[in-house]
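Asker: Pasting in a structure now, in structure tokens, and then I'll have a few things to ask.
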Amino acid sequence: MYSRSASPVRVDIDLSDGVFRFWRPCESAGAIGQTMAKGLYMVIERFKGGDAAPVYRRFRDRGRLAPEGLSYVSSWVDTNLERCFQLMETDNPLLLDEWIARWSDIVDFEVHAVISSAEAAERIAPRL
């Protein structure tokens, strides 16, 4: 898994192990992900310096800052107010990078492609 907090980047997608990876600068991302079915992504946000105040202040003042096509599903915050676990949905994973760029000055991110428990059970059933 590769954590990222740098400026906008190209996205290389390798979901073979269920991890959506962001890699550092290159010129273009191309059309990766433009025709994918909607996917769910667990976004783990680590508030820089363990300080949630700047994150909540920006959210209060400017909203989620998600681009059109990237949808918020739900989120949970740890009891120390240092991390947020946010479920997002999109058919274009490149939109995650655009959204992350708007927050990367105050948040470090990990992004994981996820499926529901029901879908996981369906996938594993033939091997049981």
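Asker: For E98, E89, what ranking results if the residue with the fewest other Cβ atoms within 10 Å of its Cβ goes first?
Answerer: By the 10 Å Cβ count, ascending: E89, E98.
Asker: Using the Karplus curve 6.51 cos²θ - 1.76 cosθ + 1.60 with θ = phi - 60°, work out ³J(HN,Hα) for each residue of segment 62-68 in order, rounded to whole Hz, and write x for Gly and Pro.
Answerer: Going residue by residue, I get 10, x, 6, 6, 7, x, 3 Hz, with x marking Gly and Pro.
Asker: Would you mind computing, in nm to one decimal, how far apart the modelled labels at S117 and Y72 are, each placed 7 Å from Cα along Cα→Cβ?
Answerer: Distance between label points: 2.5 nm.
Asker: Need one number: convex hull volume per residue for segment 39-127, Cα atoms only, in Å³.
Answerer: 109 Å³
No lab work stands behind these numbers, since they all come straight from the coordinates. Please read all numbers here as calculations on a predicted model, not as lab measurements. FYI the Cβ positions are ideal-geometry reconstructions off the backbone, even for glycines, and counts take in every protein chain you see.
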